[in-house]
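The values are calculated or read from the model by the stated rules, or taken from the named source; none is laboratory data. Only a predicted model underlies this, so the values are computations on that prediction, with no experimental measurement involved. Every residue, glycine among them, receives a Cβ derived from its backbone with ideal geometry; neighbour counts consider all protein chains shown.
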Amino acid sequence: MSLGFMGRGQNELKVLYWLVTATLAAILLYPLGCVLFQSVLTANGDTGFDNYVTLISQPRFWRAMGNSFTVSGISAAIAAILAFFCAYGLHFTRINATLKKIIQIVVLLPLFLPSITYGFAVIYSFGRLGLISQIFGQPPFSIYGFWGLLIADVIYTLPPAFLILYNAFFYVDRNFVTVSKLMGDSPWRTFYVTALRPVVGALLSAFILSFFLSLTDFGIPVSIAGQYEVIATELYTTMMGAVPNFGEGAVIAMAMLVPSVASVILLRWVDRFNFRYNKISKGEVADNRIRDFAFLGYFLAISLALLSVFIVMFVVPFVKQWPYQPFFTLDVIGRILSDDSIWQVYGHSIAVALASAAIGTVFCYAAALVKARSELSGWCKTTMDSFAMITNTVPGMVLGIGFLFAMSGTALANTFTILILANLVHFFTTPYMMATSALSKMNAGWETTGALMGDSWIKTISRVIVPNSLPTLLQMFQYFFVSAMVTISAVVFLTGARTMLLTTKIKELQYFEKFEEIFVLSLLIFITNVAAKLIFDALASYAQNNSARGIAATINKLLKSVMPAKHSGQTV
């Protein structure tokens, strides 16, 4: 009997499976297939490897690839090390809790801005007439090229690296610090055994992720790379230059997939280094004022470094003319915001972000139901995980190229729909993993209990499963929204005059050197994302606080519905 109840809803889950699979095949596998086909399509219409041979024989391709690997590797190493000590200091010191929260906010600040803004902020901070240069003097290097990319890439990759390591330290048993000291270990030995060794897997993951993000990002190189050739700008120039070469562009896109796939393989490999305790105890952190003051100084330096770069974004729009007339005025920002076209583009971005978040959240939740709440064949669940792995592997620029090839000449070309679909597949992995984790932790018998009540599977999902996963759904929505507001790598190939977004508008303004407008648009993105985070964090916290009461009320309701049937002698 219970098996019959457990089997209910499988038809609906089969529909979800085929819907998700068909959609991802159409908007992920087909565009990637178009890139592959275009890469082997020769000038005379035949197929072959002429494009590969031509590109590989060009020194500029290898120079761009070498430059990308160099700056990405160095910036990833710096970001991973900085993030490690940020996460360690927040977990292993007795700094005031409120101050720790402020430090987290500052470190995560770059997440709310598009990467293209980082480059302009670095220019206005460390350039010849930059804010920092005006105060402390000119830096001993040119801000355009390698050094500018390095600074901006470290800023860009620090927040995700920090999130990985900060989460990893939650699963480190602090009682081992006391054990190590009792055994007479030196401070460095204690640090290695109790802090570094347990999170070495996460540290390597942070490095690999930072390297991948830096290598495939387009926003930073296009704003500050100058004559320093990297693979992202090489792809954009080849595809969108005065004389586009789609064949070579497709080959460059395929070349970008190689380190991306390698990154995913390496991430799986480093999992073996993760340290697992049989039991985790959260012991009190030992009192050590020297340590706490040292980390306070470290956090102050990190915070000042980040704020010094982004402070120009809050200064330039509010002065008459930077740096020649640095007098406070609202005329500049008033003039820019009085332009109706700015608000039109802002409306486009909000609409696309909201639609991407709503559709993406439902879509990822459906895929997670197949994975975590179904009795479908193992290969069905493996399909969902495989799609998640592929979407996590494909760089945004490659995805944008794929959509450009696949949708060109169709009704979807130059529409908001194509932007929403690109965001859906680009940001699929993280929300899917969030939903899968939440659904797998829920009581496996809720669907059976709902069946005992006579509820359909859909009714049980809507009445029980969805309400109890509401905090996760809100976090998924927030992730999609913020990501859609700041993305540029994929959509830069897909937007037109009628579908311009804030990030692509910033790219357009760069050509006219309208940096005041660029910073105002960046402020709009920043304020919108911060507001969205505050709202959805508050809603998620409220839902989380009420989830326990909701679960208890649901169970009581289910029991009350079932018990009368039993007492009346009915067969259930």
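Values computed for the structure shown
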item	result
Val230 being buried (at least 24 other Cβ atoms within 10 Å of the Cβ), touching a helix residue (DSSP H, G or I) at 6+ places or on another chain (Cβ under 9 Å), in the same structural domain as Ser115 (by TED's automatic domain parsing) and aliphatic (A, V, I, L, M)	yes
Candidates Leu369, Leu419, filtered to the one that is over 30 Å from Arg498 (Cα atoms) and not polar (S, T, N, Q)	Leu369
Residue check, Ala543 part of a helix (DSSP H, G or I), crowded, with 18+ Cβ neighbours inside 10 Å and at pLDDT below 90	yes
All positions within region 306-331 that are surrounded by 16 or more Cβ atoms within 10 Å (Cβ to Cβ) and farther than 18 Å from Ile525 by Cβ	Ser308, Val319, Trp322, Pro323
Residue within region 495-507 that is at pLDDT 90 or above, surrounded by fewer than 18 Cβ atoms within 10 Å (Cβ to Cβ) and in a helix (DSSP H, G or I) present	no
Matching entry among Val362, Val345, Val370 (being in contact with a Lys or Arg (Cβ under 8 Å, 6 or more places away or on another chain) and within 20 Å of Leu473 (Cβ to Cβ))	Val370
Breaking point among (1) modelled with pLDDT under 95; (2) in a helix (DSSP H, G or I); (3) under 30 Å from Gln10 (Cβ atoms), for Ala444	(2)
So Pro110, is it assigned by TED's automatic domain parsing to the domain that holds Leu235, within 29 Å of Val316 (Cα to Cα) and either surrounded by 17 or more Cβ atoms within 10 Å (Cβ to Cβ) or aromatic (Phe, Trp, Tyr) (or both)	yes
Residue within region 64-78 that is over 28 Å from Phe387 (Cα atoms), of a type in the set (Val, Ile, Thr), in contact with a helix residue (DSSP H, G or I) (Cβ under 6 Å, 6 or more places away or on another chain) and in a loop (DSSP other than H, G, I, E, B) present	no
Selected residue (only one of Leu182, Leu196 is in contact with a Leu (Cβ under 8 Å, 6 or more places away or on another chain), farther than 30 Å from Trp62 by Cα and surrounded by fewer than 20 Cβ atoms within 10 Å (Cβ to Cβ))	Leu196
Options Ala121, Ala43, Ala79: the member that is out of contact with any strand residue (DSSP E or B) (no Cβ under 7 Å at 6 or more places or on another chain) and either surrounded by fewer than 17 Cβ atoms within 10 Å (Cβ to Cβ) or not assigned by TED's automatic domain parsing to the domain that holds Ile208 (or both)	Ala43
Residues that are part of a loop (DSSP other than H, G, I, E, B), over 16 Å from His348 (Cα atoms) and in contact with a Leu (Cβ under 9 Å, 6 or more places away or on another chain), drawn from region 414-438	Phe428
Residue match in region 9-31 (condition: among the small types (Gly, Ala, Ser), closer than 30 Å to Ile461 by Cα and touching a residue at least 12 places away in the same chain (Cβ under 8 Å))	yes
Test: residue in region 1-18 that is assigned to a helix (DSSP H, G or I), modelled with pLDDT of 95 or more and of a type in the set (S, T, N, Q)	no
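The rows are residues; the columns are (1) free of Cβ contacts under 8 Å to residues at least 60 places away in the same chain; (2) in contact with a Ser or Thr (Cβ under 7 Å, 6 or more places away or on another chain); (3) not hydrophobic (A, V, I, L, M, F, W, C).
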| residue | (1), (2), (3) |
| --- | --- |
| Thr47 | yes, no, yes |
| Asn51 | no, yes, yes |
| Ser75 | no, yes, yes |
| Thr93 | no, no, yes |
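Table: residues versus (1) in contact (Cβ under 8 Å) with a residue 40 or more places away in the chain; (2) not hydroxyl-bearing (Ser, Thr, Tyr).
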site: Gly347; (1), (2): no, yes
site: Ile350; (1), (2): yes, yes
site: Thr361; (1), (2): yes, no
site: Asn392; (1), (2): yes, yes
site: Val398; (1), (2): yes, yes
